[in-house]
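One structure is given here, and the rest of the page talks about it.
The values are calculated or read from the model by the stated rules, or taken from the named source; none is laboratory data. All of these numbers come straight from a predicted model, not from anything done at the bench. When we count neighbours, we look across all protein chains shown, and the Cβ atoms used for this are built from the backbone with ideal geometry, even at glycine.
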Amino acid sequence: MSAITKSPFYENEVVLSFFDTLIYGRDLELLNGNHWLNDQIIGFYNEYLEKFAYADQRTDIALVHPDVVFACLSVDATSAAEITKDLKLSEKKYVFMPVNNNGNVQEAGGTHWSLLVYHRPENSFFHFDSWSENNLPNARDLAGVMGAALGVSDKPAFAQRRDVPQQHNGFDCGMYVMCFSELLCGQYLEDRAVDLSDVTAEFVARKRRKVYDLIIHLREIM
């Protein structure tokens with residue numbers, strides 16, 4: 001993807017305040033070219049899908065902020081339920097959780113994102129990873145501590161999805177997570193026919209530009 005014209009915002013300038021997410025110039029610039037995405041960009045898009053794109057179905061879904069997911073990965077099930085109590089996950093049919101492979105609970109980091117979805121109608125976790133099974137251990141750990149938060153009495157099944165498109169570089173994993181989340185919201189909430197193989201490198205590159213433009217648009221109207 002050719003780079004978008006360099007952002008006109010200073011690195012520490014607030015570009016957009018969107019519900020619980022602040023996007024700074026340095027965050028926006030990650031969408032400009034071949035950059036690994038941080039939790040702010042992924043968290044923003046989760047909030048956009050839940051509170052804008054699918055606002056009418058908010059009672060059925062939760063797209064959890066990466067910061068909250070990361071916090072849950074570092075605690076036990078009781079603490080995870082306490083951390084997420086305000087999200088009312090036990091009332092949601094579908095819960096989307098971006099998984100990061102950062103092993104240092106003291107600071108942000110990591111090198112890879114994947115997506116864990118809890119599907120209440122099937123009482124199952126589904127893991128979508130664009131880099132083979134790189135995040136499988138982290139996804140299993142997360143599933144293991146989320147039962148109380150989700151309000152399940154029977155242990156959910158866990159499945160590593162095998163039909164997941166694979167990235168061909170070291171920086172697009174966050175974009176794949178965002179694309180998967182959007183498509184799956186359409187499938188679960190609007191009964192759309194979804195083919196994950198549509199998420200090609202070209203699809204991801206176009207989405208990167210669209211998310212950049214979306215942030216600029218929201219800045220102008222909010």
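Worth pointing out:
- Taking the stretch 5-93 and the strands (runs of 3 or more DSSP E) fully enclosed by it, the elements with 3 or more residues that are over 18 Å from the mean Cα position of the chain (by Cα) are at 14-18.
- Within the stretch 109-127, the set of residues being among the polar types (S, T, N, Q) and surrounded by fewer than 17 Cβ atoms within 10 Å (Cβ to Cβ) comprises Thr111, Asn123, Ser124.
- Filtering Ser132, Ser114, Ser124, Ser79 for residues that are at positive phi, modelled with pLDDT of 95 or more and of a type in the set (Gly, Ala, Ser) leaves a single hit, Ser132.
- Applying the criterion of at least 2 residues that are surrounded by fewer than 17 Cβ atoms within 10 Å (Cβ to Cβ) to the helices (runs of 4 or more DSSP H) found wholly in the stretch 128-222 leaves 136-145, 173-190, 201-221.
- Pairs meeting the criteria (first residue in the stretch 114-138 and free of Cβ contacts under 8 Å to residues at least 40 places away in the same chain, second residue buried (at least 18 other Cβ atoms within 10 Å of the Cβ) and among the basic types (Lys, Arg), beta carbons under 9 Å, at least 6 apart or on different chains) are Tyr118/Lys92; Arg120/Lys92.
- Residue that is nearest to Asp191 (Cα to Cα), among those in the stretch 84-108 that are surrounded by 12 or more Cβ atoms within 10 Å (Cβ to Cβ) and at pLDDT below 90: Asn102
- Considered as a group, the residues in the stretch 34-84 that are charged (D, E, K, R) and touching a residue at least 24 places away in the same chain (Cβ under 8 Å) include one that is nearest to Gly110 (Cα to Cα), and that residue is Asp39.
- Selection status of Met222, within 28 Å of Phe18 (Cβ to Cβ) and at pLDDT below 95: yes
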